[in-house]
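The structure under discussion appears below in the form of structure tokens.
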Amino acid sequence: MTRSPSGPAALHAVALTPREALLFEAGIKLGGLFHQYVGIPVSPGTAGALARSIERAVGLQPYVESVRIRLRPQRAGPTGPGRFAYRYLTAEMIEARVTLVEGSLRVTAELTYRRDLRYPLMRVLGLARVRGRRSSAVGGATRSARRAGRTSGRRGPRTARSAG
């Protein structure tokens, strides 16, 4: 008897292994993060709060175990003086790491700006089997949400329309 795929593999129109589907999800999280937030105003004084907000938003998505964002506005050069002393968030400023878990698989991926390539590169840092894990597709708290004493509040599977 053939088992139908569950988790992120069940969302795709083509047959993907759970490993391929979780890697795809990691890429979607990082790509979405990058394209959604580039251009938002940021200063050295607001970078930490913005990073925590991005962590919490990404942590709401399926399969996310943890998110770590570091924003470095100083990489864009000095800001002017006064009330409007900020820059727009650029690729050079973002360092992001996500860890996703589904069933017994854990994927860690990062987004960092590579000066040598002049490009924000996304890459897989780790892929491992996790023993004794149950599915954590939804409802898991990210590290930043646990620090704040909150979880995502989601229970039950998401539809393909809301996944990713």
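Values quoted throughout were computed directly from the atomic coordinates according to the rules given, and no laboratory measurement underlies them. What you see is a predicted model; the values in this text were computed from it and never measured. Glycine also receives a Cβ, built like all others from the backbone with ideal geometry; neighbour counts cover every protein chain displayed.
Compute the relative contact order of segment 25-144 as a whole-number percentage, counting only Cα pairs closer than 8 Å that sit 6 or more residues apart in sequence.
Numbers: 235 pairs, mean separation 34.5, N = 120.
Worked out over segment 25-144, it gives 29 percent.
From the square roots a ≥ b ≥ c of the eigenvalues of the alpha-carbon gyration tensor of segment 16-147, which class results: rounded (a/c under 1.5), prolate (a/b over b/c), or oblate?
Values: a/c = 3.02, a/b = 1.88, b/c = 1.60.
It comes out prolate by the Cα gyration axes.
Which peptide among 115-122, 60-67, 36-43, 16-23 comes first, and what is the full order, when sorted by highest mean count of other Cβ atoms within 10 Å?
Numbers: 115-122: 11.6, 60-67: 22.6, 36-43: 15.1, 16-23: 17.1.
Packing order, densest peptide first, comes out as 60-67, 16-23, 36-43, 115-122.
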